[in-house]
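The structure under discussion appears below in the form of structure tokens.
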Amino acid sequence: MRVREKEITRIIVDGFWKDLKEFMSSEVGIVGAGPSGLTAAFYLAREGIRVVVFERKLSAGGGIWGGGMMFNRVVVQEDAMRVVKDLGINFKNEGEGYYSLDAVELAGTLSAQVVKNGGKVFNLFSVEDVVMVEGKVRGVVVNWSAVEIAGLHVDPLIFETEYLVDATGHSAEIATLIVKKAGKKLFTSTGDLKGEGSLWAERGEEFIVEHTGEIYPGVYATGMAVNAIFGGPRMGPIFGGMLLSGKKVAELIIERRKEK
Ligand code: 48F
């Protein structure tokens, strides 16, 4: 079979263009493809909801790949095993309620399950702002990560979303942007981000699931962003809370849609 170089390019451009147009307007936008954002996207996509994930880096998976200190094994506790089983990931029972997973299998399977279920991950896309009309967040302002890294003077594009999820991890970038642009109006006691506390694994894991939810009208937080926003402790290399937080935020959005 003859391989025509220009056909390869045409197929890439056509396919990417089609995805761009399809997801330009999505029901849920998730910023950050770490464990919490991908888990949320998986459960939303599984419900047939149009969900788009923006990831600044080349690969989806966020902090999963490196495990703890580049030892690429992931530890989860009993409660999170329902997510692991929904995803069909292999695990090792370590006893006393601890389980371990291969970090590459977790990152790869989570990413694949989002896409297989109809979600879209745009990697190499950085969210640099939100669209806010009369105090309501209506979408995100996106540029190529390469433009961001090079500091080029290039205007961004806009994606429309009905619900937005801050899954940006420790930096809680969407919450930070909202405070910067709209003032201290987050659903925290001060309206501001409270900042992440020092490491306390057990409390950090509970806190993250308890506080996962809406942080501004139509905007939700999941994963480490939750602890940065509400002042919870960090938990180090245990990932159950991330998976459960992602599942919870998806369930909250699914419920919210039903109320409409
Ligand atoms: O940091 P990350 O893995 O967040 P998470 O889902 O999980 C945290 C754990 O990995 C770990 C931990 C648990 O023990 O503490 O740190 O809360 O993934 C966040 C992703 O968001 C991307 C970033 O590149 C990363 O992959 N990201 C952050 N800001 C933006 C962004 C942005 N403005 N636009 C696009 N992507």
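Values quoted throughout were computed directly from the atomic coordinates according to the rules given, and no laboratory measurement underlies them. Please read all numbers here as calculations on a predicted model, not as lab measurements. When we count neighbours, we look across all protein chains shown, and the Cβ atoms used for this are built from the backbone with ideal geometry, even at glycine.
Looking only at the range 131-149, decide whether some residue is under 25 Å from residue 74 (Cα atoms), basic (Lys, Arg) and without any contact (Cβ under 8 Å) to a residue 40 or more places away in the chain. Reasoning before the result, please.
Step one: of the range 131-149, the residues under 25 Å from residue 74 (Cα atoms) are none.
Taking every residue of the range 131-149 in turn, none turns out to be under 25 Å from residue 74 (Cα atoms), basic (Lys, Arg) and without any contact (Cβ under 8 Å) to a residue 40 or more places away in the chain.
Would you be able to tell me the number of residues in the range 129-141 that are out of contact with any Ser or Thr (no Cβ under 7 Å at 6 or more places or on another chain) and either within 11 Å of residue 29 (Cα to Cα) or surrounded by 15 or more Cβ atoms within 10 Å (Cβ to Cβ) (or both)?
7
Scan (1) touching a Phe, Trp or Tyr at 6+ places or on another chain (Cβ under 8 Å); (2) in a helix (DSSP H, G or I); (3) of a type outside the set (D, E, K, R); (4) farther than 15 Å from residue 29 by Cα for the single condition residue 146 breaks and write down its number.
(1)
Against the conditions (1) of a type outside the set (Phe, Trp, Tyr); (2) within 16 Å of the ligand (Cβ to nearest atom); (3) crowded, with 24+ Cβ neighbours inside 10 Å, where does residue 186 fall short? Just the number, please.
Evaluating residue 186 over (1) of a type outside the set (Phe, Trp, Tyr); (2) within 16 Å of the ligand (Cβ to nearest atom); (3) crowded, with 24+ Cβ neighbours inside 10 Å leaves (2) as the failure.
Name the residue that is nearest to the ligand (Cβ to nearest atom), counting only residues in the range 110-129 that are in a helix (DSSP H, G or I) and in contact with a strand residue (DSSP E or B) (Cβ under 9 Å, 6 or more places away or on another chain). Spell out how you get there, then give the answer.
Within the range 110-129, the subset in a helix (DSSP H, G or I) is 110-116.
Okay, now just the ones that are also in contact with a strand residue (DSSP E or B) (Cβ under 9 Å, 6 or more places away or on another chain), so 111, 114-115.
Details: 111: 11, 114: 13, 115: 16 Å.
Per the stated criteria, the residue is 111.
Go through the range 40-88 and report how many residues are assigned to a helix (DSSP H, G or I) and near the ligand (Cβ under 8 Å from one of its atoms). Don't jump to the end; show me each part of the working.
Just the residues of the range 40-88 that are assigned to a helix (DSSP H, G or I), to begin with: 40-46, 62-64, 78-87.
Filter again for near the ligand (Cβ under 8 Å from one of its atoms), leaving 62-64.
Going through the range 40-88 one residue at a time, the tally reaches 3.
Can you go through 36, 26 and tell me which one is of a type in the set (Ser, Thr, Tyr) and in a strand (DSSP E or B)? Working first, answer last.
On the way: 36 fails: in a strand (DSSP E or B).
From the options 36, 26, the qualifying one is 26.
Filter the range 49-76 down to the residues that are out of contact with any strand residue (DSSP E or B) (no Cβ under 6 Å at 6 or more places or on another chain), more than 30 Å from residue 143 (Cβ to Cβ) and surrounded by 14 or more Cβ atoms within 10 Å (Cβ to Cβ) and list them by number.
Residues satisfying the conditions are 68, 72.
Can residue 171 be described as within 14 Å of the chain's Cα centre (by Cα) and surrounded by fewer than 21 Cβ atoms within 10 Å (Cβ to Cβ)?
On the way: within 14 Å of the chain's Cα centre (by Cα): yes; surrounded by fewer than 21 Cβ atoms within 10 Å (Cβ to Cβ): yes.
Yes.
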